[in-house]
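The values are calculated or read from the model by the stated rules, or taken from the named source; none is laboratory data. Quantities reported herein were computed from a predicted structural model and do not represent experimental measurements. Quick reminder, even Gly has a Cβ in these numbers, built from the backbone with ideal geometry, and neighbours come from all protein chains shown. With ligands, DNA and RNA removed, areas are computed over all heavy atoms of the protein, side chains included. Shrake-Rupley method; radii C 1.70, N 1.55, O 1.52, S 1.80 Å.
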Amino acid sequence: MGSVTVLGSLNVDLVTSVPRLPGRGETVAGGRLHRLPGGKGANQAVACARAGATVRMVGAVGADEGGDLLLRALAREGVDTTAVRRRADVATGTATILVEDGGENMIAVTTGANGHLGDEDTAAACDRLGPGDVLLLQCEVPLGVVRRAGRRAAARGATVVLNAAPAPPPDALGLPLPELDVLLVNEHEARLLASAGTATGTGGEPGAESAEDAARALAARNGCLVVATLGARGALAMRGGASEVFPAPRVDATDTVGAGDAFAGYLAAALARGADPRAAITTAVLAASLAVTRSGAQEAMPRHDEIRSIRNTRSPEGA
C-alpha cells in the first residue's frame, strides 16, 4: 500500500450562509460567520486520511493564528505536517465563501502563504515518493511548482494526479503534461482547459460544448485518464476514445463546498491502495455524494467506514 503526498494550499475559510447568492453589486444579508480550516490541498489531505491512506501535506502557512488552526486540524486527522512551512513574512491564505440555501456557493481566495511555494517545497513533496505512491496536486499554488513537482514525481515512478482547480487560464497550465496519470476536472474546468490553444481561447474547442466532448478533447491531447465530475450526475471517465459514466446516488445537498475535494482525496487514496481506476472513481463518487449532505469542507469529508456502509445500496456493477 502506497502513501499520498498532497502538495497544495491551506486556507482559513470564512463561511457565511445566505438565502441566495448575490448578483453583481448586490448585498444579501447572511447568517452566522464560521471560521474553519480549509484550502483545496488541506481539504484533500483530510479526505485522503479519512479514506484510510497514509498522508503527507506539503505547503505553507503564516506564523499566525490561522496557521495554528490549520496545522491543528490536520494533526487531528493524522496527516503528517512536517513539510508545511511557517512563514513570518506573509499571512495564511484565506477563502471567503458564501453558501446559499440548496448548497451552491461562491468563493474568493486571498492567496497569502500559498503563493510563496518554490523549489524547496517541490523537493519536499517528491523526494520520498516511489512506485505505488501518489502525488496529488491542485492549482491554488504557483503553477510552476505544480508542473515541476509532477515531472519530478513521475521520474520517481509515482502516480501523478492533478485536480485542475481552481481553473487556471486556458494556456497557463501548459497542457499537455505527459507526466500526468490522472487529470481531474469539473464541467467548467473541462471546457476551459479544452479551449487552450484555440482561436478564441475562451469558447471551447470545436465540438467541446458538452463536458463529455471537452473530456474527450483533453484525453486525446494529454494521453492520460481524464475524470470529469458532473455534480449530481456523478462522474465521467475518458481515456482515448473510451468513456464511462459513474452515476451518483440521489441525495439532499446541503453544501457543495467540499464535494470536489472529497472526490479528489478518495480517488488518490484508492489509487495508493492499489485499486484500479474504475473502482477508485466509484468510491470517489460515493464520497462526494456524502460530502454534499453536510456543511463545510474538512468537517464534511466522510470516513471510510461510512463509504463501506452505503456500498450495499449500489448496483453490483457500481459496487
For the range 82-186, the per residue accessible area (1.4 Å probe, Å²) is 40
Note on the range 51-129: contact order normalised by length, alpha-carbon pairs under 8 Å, 6 or more apart, percent, works out to 33
Hits in the range 133-162: amide N under 19 Å from the 7 Å Cα→Cβ extension of H188, namely 138-141
Highest mean packing first, using Cβ neighbours within 10 angstrom, the peptides 253-263, 141-151 sort as 253-263, 141-151
Percent relative contact order for the chain, counting Cα pairs under 8 Å at least six residues apart, stands at 17
Per-residue accessible area, 1.4 Å probe, largest first, puts H188, H34 in the order H188, H34
GNM on the chain, Cα springs under 10 Å; top mean-square fluctuation among D171, D181, D89 goes to D89
The chain, Gaussian network, Cα under 10 Å: of R76, R239, R86, the residue fluctuating most is R76
Note on the range 12-110, DSSP bridge orientation, antiparallel percent to nearest 5 equals 45
Protection proxy (average C-beta count within 10 Å per residue), highest first, orders 77-83, 22-28 as 77-83, 22-28
Given unit charges at Cβ for Lys, Arg (+) and Asp, Glu (-), the dipole magnitude of the chain about its Cα centre in debye, nearest 20, is 560
Computed over the range 27-84, the relative contact order (Cα-Cα under 8 Å, seq sep at least six) in percent reads 38
Within the under-13-Å Cβ sphere about P19, not counting P19, Lys/Arg +1 and Asp/Glu -1 give a net charge of -3
With x for Gly and Pro, the residue-by-residue ³J(HN,Hα) of the range 288-293, computed from phi through the Karplus equation 6.51 cos²θ - 1.76 cosθ + 1.60 at θ = phi - 60° and given in whole Hz, is 5, 5, 5, 4, 6, 8
Out of M238, M106, M57, a Gaussian network model of the chain with alpha-carbon springs under 10 Å gives the largest mean-square fluctuation to M106
Carbon/sulfur accessible area of the range 62-138, % of total, 1.4 Å probe, equals 50
